[in-house]
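A quick write-up on the structure given underneath.
The values are calculated or read from the model by the stated rules, or taken from the named source; none is laboratory data. All values derive from a computational prediction rather than experimental measurement. For neighbour counting, all protein chains shown are included, and Cβ atoms are generated from backbone atoms with ideal geometry for every residue, glycine included. The protein model used for the area step is the full one, side chains on, heavy atoms only, and it has no ligands, DNA or RNA in it. Shrake-Rupley method; radii C 1.70, N 1.55, O 1.52, S 1.80 Å.
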Amino acid sequence: MPGLSLSSIVTSDPERSAEARSAYPHVRILPSADDLFAAADAHDLAVIAAPNRHHVPLALRAVDLGLHLVVDKPLAANVADAQRLADAAAARGVVASVFHNRRWDGDFLTLRRLVSEGSLGDLTRLESRFDRWRPEIDRSKWREGGGPEDAGGVLFDIGPHLIDQVLELLGPARSVYAEVRRMRSGAGVDDDVFLALEHSSGVRSHLFATMLAAQSGPRLRALGSRAAYVKWGLDVQEQALRSGARPGDHGFGEEPRESWGLLGTEEDAQPVETAPGRYVEFYERMERAIRAGGGEPPPVPLDAGIATLRVIEAAQASAAQRVVVSL
């Protein structure tokens, strides 16, 4: 995108190094984060996309060197570490953001528009889910095991997407009830979660994430006093990127008509065009915030990442004690 250029990629994996050199022949491939930080003066923005346990240590080093910062979700493995990072970024005066990219999913953009226009009437409940069918455990992946510092499992992997969206749309959570389970034989971390949130707006959200969905439910089901919006299927951008497409390509982020959600009632529900997904808007906003020198907010402030982690910690406590946890 105009205004930002990819300068360096850090990876010690030979196969990924070869892929990076092929895809980005003019970019430096560095074997370690130390090499990047030694060249901090040649960079403006660091993107931390390492495994979860490394988010805060790497981010703190970047902040200490005065680099602006994007940290993949979850921001940290716990609220205390996330707050420590946010305090450091504020003290250093860098622009810092957490990569909750699914605020720019096409289905979520569509739902936001429908809510703001009043098409649903008064929103009463929002159901949001990410269903996967992965009955076999892949022990080569760190997300499938490890200790608390690794923040593995679906609550930390898929949960931040679901939680951030409903907090952004419906307001802060007042209470959390959760079921966090290990369903697959030999699972080392949670692989099936359900969260029920009551928001400051009075709306309830029900969030589902699982590795054991042989058949998927609707991605979004928003119920209102006048109508409902029901949407099946995931946003198309991730799969398009995996297939080699880029945000500047014609039609990127657009859904076919047969994938559009339905708005209305049982007697009269009509297809609603899904807004084009725009993950690139995250970095458009990030670039503007950096150039504004603090005069414009980052796309997703670190406080939003901390709010998501507060819900995750409340969900852990709720599941362990089998109670509703107030926030």
Among G253, G277, G217, G244, which is assigned to a loop (DSSP other than H, G, I, E, B) and free of Cβ contacts under 8 Å to residues at least 60 places away in the same chain? G244
Given (1) open to solvent by 40 Å² or more (accessible area, probe 1.4 Å); (2) out of contact with any strand residue (DSSP E or B) (no Cβ under 8 Å at 6 or more places or on another chain), number of the condition A77 does not satisfy: (1)
Here is a list of conditions, (1) touching a Lys or Arg at 6+ places or on another chain (Cβ under 6 Å); (2) in contact (Cβ under 8 Å) with a residue 60 or more places away in the chain; (3) open to solvent by 20 Å² or more (accessible area, probe 1.4 Å), and T124 meets all of them except one; can you say which number that is? (1)
For the stretch 30-42, which residues satisfy the criterion of being surrounded by fewer than 17 Cβ atoms within 10 Å (Cβ to Cβ) and either in a helix (DSSP H, G or I) or not polar (S, T, N, Q) (or both)? P31, D34, D35, A38, A39, A40, D41, A42
Filter the stretch 138-180 for residues that are of a type in the set (D, E, K, R) and either part of a loop (DSSP other than H, G, I, E, B) or under 29 Å from S201 (Cβ atoms) (or both); which is most open to solvent (accessible area, probe 1.4 Å)? R139
Any residue at all in the stretch 216-223 that is touching a helix residue (DSSP H, G or I) at 6+ places or on another chain (Cβ under 8 Å) and open to solvent by 10 Å² or more (accessible area, probe 1.4 Å)? no
Mind checking which residues of the stretch 181-211 are open to solvent by 10 Å² or more (accessible area, probe 1.4 Å), within 23 Å of T110 (Cα to Cα) and either modelled with pLDDT under 95 or not aromatic (F, W, Y) (or both)? A196, E198, S200, S201, G202, V203, R204, H206
Consider the stretch 285-310. How many of its residues are surrounded by 17 or more Cβ atoms within 10 Å (Cβ to Cβ) and either assigned to a helix (DSSP H, G or I) or without any contact (Cβ under 8 Å) to a residue 24 or more places away in the chain (or both)? 13
